[in-house]
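Below: one structure, written as structure tokens.
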Amino acid sequence: MNTKKIIIIITVAVIAAILVTASAFAFLILPMINNSNTASPGTSGIGTQATPTTGTTTTGLTINDAATTAQNYVTGLGNTNLAVKEVDQYSNCFYAQVVEKDTGAGAFELTINSTTGAVSAEQGAMMNWNTKYGITSSGMMGYLTTGTNAGMMGTGGMMSWLRGTPSTTMTVTMDQAKTNAQQFLTTNYPGTTIGQATIFYGYYMMQVLKGASYYGMITVNGQTGQVLYCSWLGNYMQRMVIG
């Protein structure tokens, strides 16, 4: 075998060795480097998803913060007959119930973003069935009215907030509303029962209990008897009763 052939054989062998080493690096070493640079589960990072947590969070609002936010919002409406009665913490947001001081009737319901503190109308019965404190067509905050002489006109001059006669005396009685609500719960949420009820203008709001523990909320239309369970709030966590 001449020298030229030997050199060619050695060159081919060296190239093959280099290719094998590069492949090993690509398949074994690079993944280790990439994994070391990836955020671990439960942390935030590019290309990763934070692990959901339950209970209170150290970065979001506390229930005290939510109560203060709700009270400041009601104060800003300028109606001294309104008061925040309770604030509940759910897994998706905070819920605040506002009542009339003189009648004791429910006025309206709010939700408060757990992270930003943004205040909105509770999206269920409040937005669809409330006949006294309603929503203008602008959809902007500050839309909650305080009767027939305040805030009546929405965008374009339409009385878009009024959905009926503002009265707590409704076609569906409290007893019938409770019956409707319990039938719904028995079918859809076995083991739950109706708790304390509050009359709003146009509907009833009732606590839902599981055993002796608070579980959630359900509403019943005062004219049609339609039942709406407030599932969008998430899981109940804790409550603050004010006053």
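The values are calculated or read from the model by the stated rules, or taken from the named source; none is laboratory data. What you are looking at is a predicted structure, and each value in this text was computed from that prediction instead of being measured. Neighbour counts run over all protein chains shown; Cβ positions are idealised from the backbone, glycine included.
Observations, loosely collected:
- Filtered residues of segment 189-209 (kept if without any contact (Cβ under 8 Å) to a residue 40 or more places away in the chain and touching a Gly at 6+ places or on another chain (Cβ under 6 Å)): Q207, V208, L209
- Residue count for segment 198-218 under the criterion of being small (G, A, S), surrounded by 17 or more Cβ atoms within 10 Å (Cβ to Cβ) and modelled with pLDDT of 95 or more: the result is 1.
- Residues of segment 212-225 that are part of a loop (DSSP other than H, G, I, E, B) and either in contact with a Gly (Cβ under 8 Å, 6 or more places away or on another chain) or not assigned by TED's automatic domain parsing to the domain that holds Y95 (or both): G222, Q223.
- Taken over segment 99-116, the residue count meeting the criterion of being under 18 Å from the mean Cα position of the chain (by Cα) and either exposed (fewer than 14 other Cβ atoms within 10 Å of the Cβ) or without any contact (Cβ under 8 Å) to a residue 60 or more places away in the chain (or both) is 6.
- Of the numbered criteria (1) farther than 21 Å from K85 by Cα; (2) modelled with pLDDT under 95, the one N221 fails is (2).
- From the list T80, T58, T62, the lone residue that is modelled with pLDDT under 50 and of a type in the set (S, T, Y) is T58.
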